[in-house]
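This report concerns only the one structure given below.
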Amino acid sequence: MKKMSLALLSVAVLSAIGINADACTGLIVGKDASDDGSIIIARNEDYGITNWNKYLAYRPEQDNTESHWELGNGLIVPMPDHFFAYSAMPDWNAKRKTQDGRYFEERGINEYNVAISATTSAEANKQAMKADPFIDAGVIEANIPALVLSQAKTAKEGVKILGKYIESFGAGEANSLYIADINEVWLMEIGSGHHWIGVKVPSNSYAMMANGLRIHGVDLHSADLLHSKNLFRFTKQHHLLKHPKHNNFNFAKAFGVIGDLYNIDREWLGQEILSPSLSQETRQKQYPLFLKPDDKISVNDIDKVLRATYNGTELEYDGKRPMKVSRQLETHIIQLRADMPFELQGLIWQSYGILDDSVLMPIYATLHHYPKPYMVGTDSYSDNSAFWQFRGLSSLASINQDQYEPVLHKMWNKKENEFYDEVRNLDQVLKYSYDMDPQGTIKMASEYSFMQLKQTYNQAKKLRYKMMTMLTKNAEKHYSQAEFDKIMKL
């Protein structure tokens, strides 16, 4: 579309352009599979509504005196004596659900460097649902980060805490989620009202997730596996698997739906990008749970996976639902780096809106206060909201993709590469200065993140002004010189 009226332009910019469907694509990378020795968990947060503002938030530690904790969807659990401090990314309307806004917090790192990404939504099969249906007022994506980050000192403890809640109070939906600390990372899946499983990801491998349950081929007796009480007996009793085996258990098949093209196409694509030497056939019922990458994986590699399409692949013309979709709200890549001082081990790379049209900004876990644009806004466009600045650019660029998307992509790719270089260099400075001045070093990291968030927001705003100017000029009628001279004399 080369030209359009200003009325249509306003509608295009401010309207949602997504569709309703299960959402999110995720990736876990073990420390020996990453290029810098960090443990990484990452995910696109996709949604059926594109105009859904996201905030940055920090929850300070607190002592509790209440007897019960209300989690917003009807779930009520005993109140812990104490909450650990943690960062989060709640929806704009979170306080309408819980008084302190601990709702749909999506991802974060707590004061013990336990990180979570929750969740990639999944589907449970009919037989599992008949045997153990979901509980309406149960554990759901909306309350998982708060339950785990406020209480867990290690990733494994986080799995156990959440598992106990599921067995005691029930789950409200099927999900897979990723919990990490500085030493290890776990993939956890919820398959029914009271059954779940968690497996430690091998340090030399990665795991690729779409919207189907993935855990299979695992040993229920392994020290690297946790699961709900009587899981094997329940599976056998309700004939969820024909011939269940303790040492080769298929949780995904027992509780989920395998072979769905909506999911397995993405699983194939992610593994094709990171392990191309395998040359796997497309559309297998289940793909390997853990794989070693052909080359060590960087943040930039994960960025490429999470913005991937099927262009140039075997599925170019019939691939279902790529990683890149127009209904992305945000993308996060969380690194836990053992070689950094304790307070600086957590680093979140955060983007807003569609990843392919946006930029990953580095946020050190030491940052507890954020620029105001990242803490305001609703589901209606506003000029002072960071979410809307980044999301609005995608909408503007979509009006004339050939002309405007290259401008947008060039600017953000340049900025993102600058961030990679800056963080690499800054990390060396921070490690050197920490021994001499811990508090000053922590402040340095926080100020760097604060400034980059602020400057990148301003850069997005300036580009939006430029694109709006270009679009309105393109909408102008082209007059002859004589007509123009006459108009200017009026």
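The values are calculated or read from the model by the stated rules, or taken from the named source; none is laboratory data. Bear in mind the structure is a predicted one, so any value in this text is a computation, not a measurement. All Cβ positions, glycine included, derive from the backbone under ideal geometry; neighbour counts span all protein chains shown.
Look at Ala128 and say whether it is over 17 Å from the mean Cα position of the chain (by Cα) and crowded, with 21+ Cβ neighbours inside 10 Å. Here the answer is yes, as Ala128 does meet what is asked.
To keep it simple, each residue is scored yes or no on (1) of a type in the set (Lys, Arg); (2) buried (at least 24 other Cβ atoms within 10 Å of the Cβ); (3) over 18 Å from Leu149 (Cα atoms).
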residue: Glu167; (1), (2), (3): no, no, yes
residue: Leu177; (1), (2), (3): no, yes, no
residue: Ser192; (1), (2), (3): no, yes, yes
residue: Val201; (1), (2), (3): no, yes, yes
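Among the residues of segment 301-330, the ones that are touching a residue at least 24 places away in the same chain (Cβ under 8 Å) and in a loop (DSSP other than H, G, I, E, B) come to 15 in all.
When each of Ile215, Ile258 is tested for being within 29 Å of Gly346 (Cα to Cα), out of contact with any Leu (no Cβ under 6 Å at 6 or more places or on another chain) and of a type in the set (Val, Ile, Thr), the lone residue that passes is Ile215.
Being farther than 22 Å from Gln401 by Cα, buried (at least 21 other Cβ atoms within 10 Å of the Cβ) and among the hydrophobic types (A, V, I, L, M, F, W, C) is a description that applies to Ala365.
Cβ-Cβ distances below 6 Å connect the following pairs, each with a first residue in segment 406-425 that is among the hydrophobic types (A, V, I, L, M, F, W, C), a second residue that is surrounded by 12 or more Cβ atoms within 10 Å (Cβ to Cβ) and not in a helix (DSSP H, G or I), and a separation of six or more residues or different chains: Trp412/Val359; Phe419/Pro362; Val423/Pro362.
Where residues in segment 289-300 are outside any strand (DSSP E or B) and in contact with a strand residue (DSSP E or B) (Cβ under 9 Å, 6 or more places away or on another chain), which of them is surrounded by the most Cβ atoms within 10 Å (Cβ to Cβ)? Out of the qualifying residues, it is Val299. Taken over segment 181-200, residues that are over 20 Å from Leu347 (Cα atoms) and of a type in the set (A, V, I, L, M) amount to 4.
You will find that of Tyr457, Tyr432, Tyr448, the residue that is among the aromatic types (Phe, Trp, Tyr), assigned to a helix (DSSP H, G or I) and without any contact (Cβ under 8 Å) to a residue 40 or more places away in the chain is Tyr432 and no other. Counting only strands (runs of 3 or more DSSP E) wholly contained in segment 46-92, the ones carrying 1 or more residues that are surrounded by fewer than 21 Cβ atoms within 10 Å (Cβ to Cβ) occupy 57-59, 68-70, 76-78. Among the criteria (1) surrounded by 13 or more Cβ atoms within 10 Å (Cβ to Cβ); (2) touching a residue at least 40 places away in the same chain (Cβ under 8 Å); (3) in a helix (DSSP H, G or I); (4) not charged (D, E, K, R), the one Thr472 does not fulfil is (1).
Here's the yes/no breakdown for (1) more than 23 Å from the chain's Cα centre (by Cα); (2) touching a residue at least 12 places away in the same chain (Cβ under 8 Å); (3) exposed (fewer than 13 other Cβ atoms within 10 Å of the Cβ); (4) not in a helix (DSSP H, G or I):
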position: Ser382; (1), (2), (3), (4): yes, no, no, yes
position: Trp388; (1), (2), (3), (4): no, yes, no, no
position: Ser394; (1), (2), (3), (4): no, yes, no, no
position: Asp427; (1), (2), (3), (4): yes, yes, no, no
position: Arg464; (1), (2), (3), (4): yes, yes, no, no
position: Asp485; (1), (2), (3), (4): yes, no, yes, no
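Flag not set for Lys253, criterion: on the phi < 0 side of the Ramachandran plot, in a loop (DSSP other than H, G, I, E, B), modelled with pLDDT of 95 or more and not β-branched (Val, Ile, Thr). Of all the helices (runs of 4 or more DSSP H) wholly in segment 133-244, which have at least 1 residues that are under 22 Å from the mean Cα position of the chain (by Cα) and within 30 Å of Pro293 (Cβ to Cβ)? Fully inside segment 133-244 and qualifying: 144-149, 155-169. Considering (1) touching a residue at least 60 places away in the same chain (Cβ under 8 Å); (2) more than 23 Å from Ala23 (Cβ to Cβ), the lone condition that Ser277 does not fulfil carries the number (1). Candidates are the residues of segment 224-248 that are among the aliphatic types (A, V, I, L, M) and closer than 13 Å to Ile197 by Cα; the one that is surrounded by the most Cβ atoms within 10 Å (Cβ to Cβ) is Leu231.
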